[in-house]
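Taking it in order: structure first as structure tokens, then the write-up.
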Amino acid sequence: MASSTNFLLTTLALFAFQVIASDPSPLQDFCVADKDSNGENPPHTHPRATEILTVLEGTLYVGFVTSNTDNKLFSKMLNKGDVFVFPEGLVHFQFNPCPDKPAVAIAALSSQNPGVITIANAVFGSKPPISDDVLAKAFQVEKMTIDWLQAQFWGDNHN
């Protein structure tokens, strides 16, 4: 009787360890403040996570764009206590419209490994660069404009 009880408890303990270790995307529990952002978190996307943002102080203009073909902008001016959700994989941004009044916000992501793609850096700062012919046609501007935009990006540019 005692040996079957020990076997049962050992088996349950082994299964419990497997259950604990199987969570594929636990929430991240820390954040990093960026005082050099000039009040902007430029258009970017998190391919593997939804983001929720809560404004603790100040005002932020935030928004996201739906995917093709609508490309509809959903935006809002957020004040202290307001909350906004950015759906997984959609291009979104945050901007402080009042640079003389600091804004503080906290963001949480639904995955420990959300990934981030900053749109301007990916398009104009790729290595090797995307052909200026391709970008000029895509953005319907002169090649000279594309060359100027590509020159604005360098290795440590995280803005």
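Read-outs throughout are calculated quantities, based only on the coordinates presented, and are distinct from any laboratory measurement. Quantities reported herein were computed from a predicted structural model and do not represent experimental measurements. A quick note on method: Cβ atoms are made from the backbone with ideal geometry, for glycine too, and the neighbour counts reach across all protein chains shown.
Full-extension gain between D133 and T59, please, as 0.36 nm times their residue separation minus the C-alpha to C-alpha distance.
Gain in length upon complete extension: 22.7 nm.
Could you give me the ³J(HN,Hα) list for region 78-87, computed from phi with Karplus coefficients 6.51, -1.76, 1.60 and θ = phi - 60°, whole Hz, x at Gly and Pro?
Whole-Hz 3J(HN,Hα) from phi for region 78-87: 9, 10, 3, x, 6, 10, 9, 10, 9, x.
Can you list the HN-Hα couplings for region 49-58, worked out from phi with the Karplus curve (6.51, -1.76, 1.60; θ = phi - 60°), rounded to whole Hz and with x for Gly and Pro?
Going residue by residue, I get 7, 8, 10, 10, 10, 10, 8, 9, 7, x Hz, with x marking Gly and Pro.
How much length is gained if the chain between I52 and N79 is pulled fully straight, taking 0.36 nm per residue apart and subtracting their Cα-Cα distance, in nm to one decimal?
Contour length minus the Cα-Cα distance gives 8.3 nm.
Between V104 and residues 5 or more places away or on another chain, which pairs have amide H atoms under 5 Å apart, with H built 1.01 Å from N, and which residues are they?
Residues meeting the amide H criterion: L56, E57, G58.
Relative contact order for region 119-159: what is it in percent, counting Cα pairs under 8 Å that are at least 6 residues apart?
It rounds to 43 percent for region 119-159.
Packing-wise, with mean Cβ within 10 Å as the measure, how do 70-76, 38-44, 114-120 rank, highest first?
Highest-to-lowest ranking by the protection proxy: 38-44, 114-120, 70-76.
Could you give the length gained on full extension between N71 and L8, defined as 0.36 nm per residue of separation minus the Cα-Cα distance, in nm?
Computed gain between N71 and L8 is 17.0 nm.
Starting from the Cα of K137, draw a straight line to each of the lysines and keep only those under 25 Å, dropping any in the same chain fewer than 8 residues away.
Within the straight-line limit of under 25 Å, K137 reaches these lysines: K72, K127.
Around L90, which amide H atoms from residues at least 5 apart in sequence, or from another chain, sit under 5 Å from its own amide H, with H modelled in the peptide plane?
Those qualifying (amide H under 5 Å, at least 5 residues apart or on another chain) are H46.
Do any chymotrypsin sites (Phe, Trp or Tyr not before Pro) in region 86-159 lie in a DSSP loop with no more than 14 other beta carbon atoms within 10 Å, and if so, which?
Hits after loop and neighbour filter: W154.
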